[in-house]
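> One structure, pasted below without further comment.
The values are calculated or read from the model by the stated rules, or taken from the named source; none is laboratory data. Everything numeric in this text was worked out from a predicted model, so none of it was measured. Every residue, glycine among them, receives a Cβ derived from its backbone with ideal geometry; neighbour counts consider all protein chains shown.
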Amino acid sequence: MALGLIGRKLGMTQVFSAQGELIPVTVIQTGPCTVVQVKTAASDGYAAVQLGFGEQKAQRTTKAYSTHCNKAGKVFEVLREFRVEGETEFTAGQAVTVATVFKPGDLVDVTGTTKGRGFSGVIKRHRFGGFPGSHGTHEYFRHGGSIGNRSFPGRVFKGKRMAGQYGNERTTTQNLEVVAVRPEEHVLLIRGAVAGARSGIVLVHPAVKHG
């Protein structure tokens, strides 16, 4: 996997292409990120680059975390690791900007955390249709219905779609096109929507499937 970047989702807007096409885009502030640690196959068993994003007060973190971050010059809000192939030329404390990693037309995968919706019923969570609004239905409009038989199988199958926790899951949206790169603002414009709320942390890395 090639090097990616840590970013913050700022929201969505729309831009026009040179041909006049209206393009919905997600605006992501991608850094600048800082190299905190470089892992090699010889010392760690695999090659990777650990990046830091944002800034955090040292007193709000553990001593071990702040000491680790201080190798790169400051305490970071987020640390994430990106696997790379072979040896890299990165060093601790080096800044990685969006213009050095991405360019317009690239395909990327964006990983984020979906909005948490709490404990939800089957209609909201699984798009169940519910029960009729008339014809004798009484106090049973948004329920899930039967979940099994009596003697056989005598239990509820694992994975049965029922009410429960909905959202707040790590999700990757694949093969999104980079519409524009604005290096002076450290901003990336990506076609379409990505998971997460505004101000949420996302990971942007080159697409692994390429369509």
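> Do you know which residues across the range 1-49 are in a loop (DSSP other than H, G, I, E, B), under 23 Å from Arg182 (Cβ atoms) and either hydroxyl-bearing (Ser, Thr, Tyr) or more than 23 Å from the chain's Cα centre (by Cα) (or both)? Show your work before the answer.
First, pick out the residues of the range 1-49 that are in a loop (DSSP other than H, G, I, E, B): 1-4, 17-21, 30-32, 40, 45-47.
Still in the list and also under 23 Å from Arg182 (Cβ atoms): 2-4, 17-21, 30-32.
Within the range 1-49, Ser17, Ala18, Gln19, Gly20, Glu21, Thr30 qualify.
> Another question, then. With the requirement that a residue be surrounded by fewer than 13 Cβ atoms within 10 Å (Cβ to Cβ) and within 13 Å of Leu203 (Cβ to Cβ), what does the range 2-51 give you?
Matches in the range 2-51: Ala2 only.
> For Gly145, indicate whether it is on the phi > 0 side of the Ramachandran plot and touching a helix residue (DSSP H, G or I) at 6+ places or on another chain (Cβ under 9 Å).
Judged against the criteria, Gly145 is a match.
> Something else now. Contact list please: Cβ distance under 9 Å, first residue in the range 91-110 and closer than 24 Å to Lys74 by Cβ, second residue in a helix (DSSP H, G or I) and acidic (Asp, Glu), pairs at least six apart or on different chains.
none
> Could you count how many residues in the range 75-113 are out of contact with any Phe, Trp or Tyr (no Cβ under 9 Å at 6 or more places or on another chain), on the phi < 0 side of the Ramachandran plot and part of a loop (DSSP other than H, G, I, E, B)? Quick ask: steps written out before the conclusion?
Just the residues of the range 75-113 that are out of contact with any Phe, Trp or Tyr (no Cβ under 9 Å at 6 or more places or on another chain), to begin with: 81-82, 85-95, 97-107, 109-113.
Among the residues that remain, those that are also on the phi < 0 side of the Ramachandran plot are: 81-82, 85, 87-92, 94-95, 97-104, 106-107, 109-113.
Restricting the remaining residues to those that are part of a loop (DSSP other than H, G, I, E, B) gives 85, 87-92, 94, 97, 101-104, 106.
Final tally of qualifying residues: 14.
> If the Cβ limit is 6 Å and pairs must be 6+ apart or interchain, which residue in the range 28-41 that is in contact (Cβ under 8 Å) with a residue 40 or more places away in the chain and closer than 14 Å to Gly52 by Cβ pairs with which residue that is of a type in the set (Phe, Trp, Tyr) and surrounded by fewer than 21 Cβ atoms within 10 Å (Cβ to Cβ)?
Once the first residue is in contact (Cβ under 8 Å) with a residue 40 or more places away in the chain and closer than 14 Å to Gly52 by Cβ and sits in the range 28-41, its partners that are of a type in the set (Phe, Trp, Tyr) and surrounded by fewer than 21 Cβ atoms within 10 Å (Cβ to Cβ) give Val35/Phe90; Val38/Phe90.
> I've got another one for you. Just one of (1) surrounded by 12 or more Cβ atoms within 10 Å (Cβ to Cβ); (2) assigned by TED's automatic domain parsing to the domain that holds Arg182; (3) among the hydrophobic types (A, V, I, L, M, F, W, C); (4) outside any strand (DSSP E or B) trips up Phe131, so point out which.
Result: Phe131 fails condition (2) only.
> Here's something else I'd like to know. Go through the range 165-196 and give me each residue that's assigned to a loop (DSSP other than H, G, I, E, B) and over 21 Å from Cys33 (Cβ atoms). It would help to see each step written out before you state the result.
So the first thing to find is which residues in the range 165-196 are assigned to a loop (DSSP other than H, G, I, E, B), and the list is 166-169, 183-186, 192-196.
Of everything in the range 165-196, those that are assigned to a loop (DSSP other than H, G, I, E, B) and over 21 Å from Cys33 (Cβ atoms) turn out to be Tyr166, Gly167, Asn168, Glu169, Gly192, Ala193.
> Could you look through the range 154-196, keep only residues that are exposed (fewer than 13 other Cβ atoms within 10 Å of the Cβ) and among the small types (Gly, Ala, Ser), and pick out the one that is nearest to Gly54 (Cα to Cα)?
Selected residue: Gly164.
Matching residues to (1) aliphatic (A, V, I, L, M); (2) at pLDDT below 95; (3) within 30 Å of Val156 (Cβ to Cβ):
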residue: Ala48; (1), (2), (3): yes, yes, no
residue: Gly54; (1), (2), (3): no, yes, no
residue: Gln59; (1), (2), (3): no, yes, no
residue: Gly73; (1), (2), (3): no, yes, no
residue: Phe82; (1), (2), (3): no, yes, no
residue: Thr88; (1), (2), (3): no, yes, no
residue: Ala92; (1), (2), (3): yes, yes, no
residue: Thr97; (1), (2), (3): no, yes, no
residue: Ile123; (1), (2), (3): yes, no, yes
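> Which of the residues that make up the range 58-73 are surrounded by 15 or more Cβ atoms within 10 Å (Cβ to Cβ) and part of a loop (DSSP other than H, G, I, E, B)?
If the condition is that a residue be surrounded by 15 or more Cβ atoms within 10 Å (Cβ to Cβ) and part of a loop (DSSP other than H, G, I, E, B), then Thr61 is the only one that fits.
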